[in-house]
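These notes concern the structure reproduced below.
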Amino acid sequence: MDIQKMLPFGALHITDRTLAELIYIVVSEVEGVAKTISPLSETVYKAVGKNRGEKGIFLQYDEKGLIIEVKVALFHNVSILGTCQFIQEHVKKEVEFITGLQVKAVHVKVEQIIKAYPS
């Protein structure tokens with residue numbers, strides 16, 4: 001379910017795949033995030049209106065805005081609560097700024113903890 005908006009001089013079309021890639025980049029910038037977690041089968045939809053989970057990122061649209069779900073693996077030496085709150089804020093801010101879309105919610109699911117190796 002791609003996004004399409006009419007602008008003064010034509011249409012803007014953003015594919016779900018493009019939006020998922022943007023969110024992937026934004027989440028990857030967050031300190032403490034090891035990776036996003038893709039589901040075993042990206043072809044199974046979680047619910048009507050959701051995309052297929054590109055790179056562990058699910059999108060849903062309703063009349064109030066975009067709902068984003070991100071599945072992540074975090075390093076063991078970070079605050080889960082603090083890191084997830086930052087992911088929510090960072091994703092909402094960046095997606096709204098870059099796309100002009102209203103983000104209603106950012107749900108973060110921690111699916112894995114990974115041992116951080118000393119650098």
In whole Hz, with x marking every Gly and Pro, tabulate ³J(HN,Hα) for the stretch 72-83 from phi via Karplus 6.51 cos²θ - 1.76 cosθ + 1.60, θ = phi - 60°. 10, 10, 10, 6, 5, 9, 10, 6, 5, 4, x, 5
In the stretch 15-114, what % of DSSP beta bridges are antiparallel (nearest 5)? 50
Non-local amide H neighbours of His107 (under 5 Å, H modeled in plane, Pro and chain starts lacking H): which ones? Ile68, Glu69, Val70
Calculate the dipole size of the stretch 15-114 relative to its Cα centre from +1 charges on Lys and Arg beta carbons and -1 charges on Asp and Glu beta carbons; express the result in debye to the nearest 20. 220
Once Rh for the stretch 15-114 is found with the Kirkwood sum over Cα pairs, what is the Stokes-Einstein diffusion coefficient at 37 °C and 0.692 mPa s, in µm²/s? 243
Restricting to lysines and to Cα separations under 24 Å from Lys35, and discarding same-chain partners fewer than 8 apart, the set is Lys46, Lys50, Lys55, Lys71, Lys92, Lys93, Lys104, Lys109, Lys115
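Every number here is computed from the coordinates shown, using simple stated rules; none is lab data. All figures in this text were calculated on a predicted structure; none of them were measured in a lab. Please note: Cβ atoms are built from the backbone with ideal geometry, for glycine as well, and neighbour counts cover all protein chains shown.
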